[in-house]
1. Using the 10 angstrom Cβ neighbour count as an exposure proxy, how do 70, 26 rank, fewest first?
2. Report the full-extension gain for the segment residue 26 to residue 62: residue separation times 0.36 nm, less the Cα-Cα distance, to one decimal in nm.
3. Quickly work out the residue 49-to-residue 89 label distance, labels modelled 7 Å from Cα along the C-beta direction, and quote it in nm with one decimal.
């Protein structure tokens with residue numbers, strides 16, 4: 001059994017090994033194909049970044065909620081009201 005390239009890459013290997021294309025153009029062809037591969041992967045990068053951001057935010061909120069639950073209920077300290085001035089009956 002012989003090892004061969006998969007169908008999507010076989011055209012590139014066949015084109016690269018073809019004697020019609022001179023040796024100095026192989027670099028240009030590989031550069032152009034690399035450019036199109038990068039352009040094809042460009043929409044995936046923001047999606048992956050948003051998923052990673054969402055996971056980090058989810059774990060962070062989970063940790064903060066767990067920390068607050070362990071800290072116990074918060075006691076609110078209310079300052080005392082200032083004393084009322086005496087009512088003058090002479091008035």
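1. Details: 70 7, 26 13.
Placing the least packed residue first, the sequence is 70, 26.
2. Extra length from residue 26 to residue 62 when fully extended: 7.7 nm.
3. 7.8
Read-outs: derived from the displayed coordinates by stated rules, not from any lab. Note that the coordinates shown come from a computational prediction; the quantities given were computed from them, not determined experimentally. Cβ sites come from the backbone with ideal geometry, for glycine too, and all protein chains shown count toward neighbours.
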